[in-house]
Amino acid sequence: MTTKTPSKLEKILASGQLAVTSEVGPPRGSDPKHIEEKANLIRNHVDAINITDNQTSVTRLCSLAACIRLKLMGLEPVLQMVTRDRNRIALQSDILGAASFDIYNILCLSGDHQSFGDCAQGQNVHDIDSMQLIQTVRHMRDEGKFLGGADIDRPPRMFVGAAANPFADPFEIRVMRLAKKVAAGAEFIQTQCIYNLDKFERWVQMARDRGLTENVHILAGVTPLKSAGMARYMKNRVPGMDVPDEVVKRIAGVPKEKQPEEGIAICVETIERLKTVPGIHGFHIMAIEWEEKVPELVKGAGLYPRPQV
């Protein structure tokens, strides 16, 4: 890795230990209790907590404000930032805003199309794309300059991340896109949630073959399934998701009241298997509105207690 930052997440990854991150979706209002309660459920079992940025294009409390809430709680936030809603002036401004509160991790994303959300008439901005956002943060950090060339007073000190979806079509270009993000300056990757382990392991093998896993930390994304209905929805309705038939059959094959327990078991087994895959440096747990299960998952997968750095 290049420039060291004060990021706890970066220190854990640099030490060779498996990192664990999770995420919290901000509320559809200004009450901070939603963020605080969810963060308190997981605070002792993860190394950092992502705050999503108007996910699925639905208007929510902004990621930056929610990250500041986590910071005030003594926790380590990961600021998610999408290029959908801001031009390069606003993006650089928000990066400085985060840096002023000593937020040390950022995940650079494009963002879901606005047609998915509650403001379908809204206009996409995408002045720059997610790869250019990665380059922007690295330029501001490493060069201490704005995109316009002026010097920055107290540059941001951020550990820079990006997302990867090994399952989107066409599969053959997935590692090429990863390579571009690494070349742009991404230092850690959080992946789409994984149910097709064979396909994911092929993707990691292809990344290893290109030497990418030596230059970026890959955190494998996992989402526990609550029910057979959720599994079918993820399989049939969520773009870029790959849920094999055997996973749906397995969770559907137990009584309804036992399906949440089976979903947790599948998730723990996924983590256990991927822990041994060379090039996997940690896990990103996306427990959608099920944060109370994160401690159980982390303990069940042998990832607790978390390391101190």
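The values are calculated or read from the model by the stated rules, or taken from the named source; none is laboratory data. Note that the coordinates shown come from a computational prediction; the quantities given were computed from them, not determined experimentally. Note that each Cβ is placed from the backbone with ideal geometry, even for glycine, and that neighbours are counted across all protein chains shown. Each accessible area value is taken on the protein alone, full model and side chains, heavy atoms only, with ligands, DNA and RNA left out. Shrake-Rupley method; radii C 1.70, N 1.55, O 1.52, S 1.80 Å.
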Original post:
R0 = 45 Å: FRET efficiency of Lys258 with Arg157, Cβ-based, nearest 0.05?
Top reply: 0.45
Original post:
Which of the pairs Lys4/Lys180; Lys71/Lys275; Lys38/Lys145; Lys38/Lys181; Lys180/Lys299; Lys249/Lys275 have their Cα atoms more than 27 Å apart in this structure?
Top reply: Lys71/Lys275; Lys38/Lys145; Lys38/Lys181; Lys180/Lys299
**OP:** With an 8 Å cut-off on Cα pairs and a minimum separation of 6 or more residues, tell me the relative contact order of segment 87-184 in percent.
**Re:** 32
**OP:** Assign one of three labels to segment 1-101, namely rounded, prolate or oblate, based on the Cα gyration tensor with a ≥ b ≥ c the square roots of its eigenvalues; rounded applies when a/c is under 1.5, prolate when it is not and a/b is larger than b/c, and oblate otherwise.
**Re:** oblate
Original post:
Could you name the aspartates and glutamates in cross-link range of Lys199, using Cα to Cα under 13 Å and dropping any fewer than eight places away on the same chain?
Top reply: Asp169, Glu172, Asp242
Subject >> Environment charge of Ser130, counting only residues whose C-beta is closer than 14 Å and scoring Lys/Arg +1, Asp/Glu -1 >> reply: +2
Original post:
Ranked highest first by average number of other Cβ atoms within 10 Å, how do 230-241, 47-58, 193-204 line up?
Top reply: 47-58, 193-204, 230-241
Original post:
Quick one: Cα centre-to-centre distance for segment 266-302 and segment 183-223, in angstrom?
Top reply: 15
Subject >> Sequence-separation-based contact order of the chain, relative, with Cα cut under 8 Å and 6+ spacing, percent >> reply: 19
**OP:** Would you kindly find the accessible area of Cys119, with a 1.4 Å probe and non-protein molecules such as ligands, DNA and RNA excluded, rounding to the nearest 10 Å²?
**Re:** 60
Original post:
Candidates [x] 23.9, 79; [y] 19.6, 60; [z] 18.6, 62; which is the computed Rg and Dmax of the Cα atoms in Å?
Top reply: [z]
Subject >> Partner aspartates and glutamates for Lys226 [C-alpha distance under 15 Å; skip if fewer than 8 residues away on the same chain] >> reply: Glu257, Glu261, Glu262, Glu289, Glu291, Glu292, Glu296
Original post:
From the square roots a ≥ b ≥ c of the eigenvalues of the alpha-carbon gyration tensor of segment 55-153, which class results: rounded (a/c under 1.5), prolate (a/b over b/c), or oblate?
Top reply: oblate
Subject >> Of all accessible heavy-atom area on the chain, the percent that carbon and sulfur account for (1.4 Å) >> reply: 49
Subject >> Over segment 256-305 - Rg/Rh using Cα atoms and the Kirkwood inverse-distance radius >> reply: 0.98
**OP:** Could you provide, to the nearest whole Å², the per residue accessible area of the chain with probe 1.4 Å?
**Re:** 44
**OP:** Once you have all Cα-Cα distances for segment 189-309, histogram them in 5 Å bins from zero and send the whole-percent values.
**Re:** 2, 11, 21, 23, 20, 13, 7, 3, 1
**OP:** Specify the angular offset, from 0 to 90 degrees and rounded to the nearest 10, of the alpha carbon long axis of helix 259-274 from the longest principal axis of the alpha carbons in the chain.
**Re:** 60
